[in-house]
Amino acid sequence: MTVNVNPSRSTRFPTLGEQLYQLASGAVTSGELVRRSLHAITVSQSTLNAFRLVLTETALAEAADADRRRAAGETAPLLGIPIAVKDDVDIAGVPTSFGAAGRIRPATEDSEVVRRLRAAGAVIVGKTNCCELGQWPFTSGPAFGHTRNPWSRKHTPGGSSGGSAAAVAAGLVAAAIGSDGAGSIRVPAAWTHLVGIKPQRGRISTMPGPELFHGLTVYGPLSRTVAEAAYLLDVASGPMPGDRHTPPAPDEPYLAAAGREPGRLRIALSTRAPFSGFPVSLDPDVRAAVTRLAGVLADLGHEVIEEDPRYGLIGTSFLPRSLAGLNDWVRRVPDPALLDPRTRANARNGRAFRGPAVAGALALEKVMQRQVGAIFTRVDVVLAPTTAQPPLLVGATDGASSTRTDRVIIGACPYTWPWNVLGWPSVNVPAGFVRSGLPVGAQLMGPANSESLLISLAAQLEAAERWYERVPPHRATAAVIP
């Protein structure tokens, strides 16, 4: 399987498809691509700070091996392509710090998603920064400082997969793996002008853990185009023995879905945020961007209506699972005293939600799926803002109390987390730019196992919008196609 790409398309960064074309044609070697990526990471680290760990020696060795394999006639979907993964994913021999400080014991084996990437020939160049234990929609922490947005270094790229998003947006790598437990792929994708796919729960195995954060968190891809995110999802997907969730296999490769029309759909434009205990105000520029995108969908022949899912008190299923999962992770950290005080406070609250409270929250999930899912008897897809606000300033919550931090992050990012409770797929697509020049996004949300439909619709939007042609001002020029 290959990514169809027009090598003459005018882009200022090499996309995944362009890198595959260059490798196949002999225009570059994997060694050249990986050295270029490593150099770009190095020169950007003092400004963007996207990476927690750079695997220079192993990446160069893997690139040399990829070149030998390609010269011998071998093929593999990602053979020789530099890829980054988030710092909550196990790589054998290096720590899985998950944004925390301290001496963390190295992982003994690759996680399944890394094993699949390696089996496809990918070269893992490093682990990207994320906030402590994935709690917040910004990428900052006492262990590494602030990761910054390539569109404006004064602003965060979002979180918790902000390092992965910054790396792709700045051209350090063409694609990366993130994780999403409350919007942690979709929010940074929105705030860095990328495509980010939160797949169906269980679509990408979370082994060696049977599930993450009591079923809230999944792994997924970030890239500049829909086809490349779909291609990476194809590579990474598949069940493993021990997985707690095993959705049915798709009827076609996701890359194939990205190459076909979705048909005429009925789409609900929803701007009402679910109840979360704090006030939420949708920024007028964000509202205008999402409404404009709804107009594009209408122009493409879809029927767009205004309707909101019935979220009800869906937070009663989210909060216990989230905080209990956080408490589970804190117990794996060698020195909790090094953690942010807000992390420790949240973990203490999480102790109260272990056991029966989590079981009750999980029991509510089926109720919530029926309640929210009722909208899909009337529409095919829900279009909603990914965030309520444009990117936050770096350090917007530095030194803030837990309550103040919650107020800020819920006010900025109230829209994504219900789909983590439901376990259903959602795709962030770029929605344009607000008056300050910062990017924002919209999410396409579907029922269970609807990734193919969402990917097909996102690709149709991309053909109309051509968002991949616009790149940020703060970029690593070493990664640009000569």
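The values are calculated or read from the model by the stated rules, or taken from the named source; none is laboratory data. Quantities reported herein were computed from a predicted structural model and do not represent experimental measurements. Using ideal geometry, Cβ is built from the backbone for each residue, glycine included, and neighbour counts are taken over all protein chains shown.
Residue count for the range 330-345, restricted to those that are surrounded by 23 or more Cβ atoms within 10 Å (Cβ to Cβ) and in a helix (DSSP H, G or I): 1. Taking the range 368-385 as the range and being surrounded by fewer than 19 Cβ atoms within 10 Å (Cβ to Cβ), over 28 Å from residue 298 (Cβ atoms) and touching a residue at least 24 places away in the same chain (Cβ under 8 Å) as the test, only 369 passes. Out of the residues in the range 433-478 that are farther than 23 Å from residue 182 by Cβ and in contact with a Phe, Trp or Tyr (Cβ under 8 Å, 6 or more places away or on another chain), state the one that is modelled with the lowest pLDDT. Top of the filtered list is 475. Is there a residue in the range 232-241 that is surrounded by fewer than 22 Cβ atoms within 10 Å (Cβ to Cβ), touching a residue at least 40 places away in the same chain (Cβ under 8 Å), farther than 30 Å from residue 438 by Cα and of a type in the set (Gly, Ala, Ser)? Yes - at least one qualifying residue is present in the range 232-241.
In the set 44, 37, only one residue is touching a residue at least 24 places away in the same chain (Cβ under 8 Å), among the polar types (S, T, N, Q), in contact with a helix residue (DSSP H, G or I) (Cβ under 8 Å, 6 or more places away or on another chain) and closer than 30 Å to residue 135 by Cβ; that residue is 37. Has the range 205-227 got at least one residue that is of a type in the set (Lys, Arg), closer than 18 Å to residue 423 by Cα and within 16 Å of the chain's Cα centre (by Cα)? Within the range 205-227 (the criterion being of a type in the set (Lys, Arg), closer than 18 Å to residue 423 by Cα and within 16 Å of the chain's Cα centre (by Cα)), the answer is no, since none of the residues qualifies.
Taking the conditions exactly as written (within 23 Å of residue 139 (Cα to Cα), modelled with pLDDT of 95 or more and assigned to a helix (DSSP H, G or I)), does residue 42 satisfy them or not? In short, yes.
From the list 199, 208, 248, the lone residue that is surrounded by fewer than 24 Cβ atoms within 10 Å (Cβ to Cβ) and under 17 Å from residue 89 (Cα atoms) is 208. The strands (runs of 3 or more DSSP E) located wholly in the range 144-254 that include 1 or more residues which are closer than 28 Å to residue 102 by Cβ occupy 175-180, 218-223. The strands (runs of 3 or more DSSP E) falling completely within the range 380-482 that include 2 or more residues that are farther than 23 Å from residue 168 by Cβ, out of contact with any His (no Cβ under 7 Å at 6 or more places or on another chain) and of a type outside the set (Ser, Thr, Tyr) map to 381-385.
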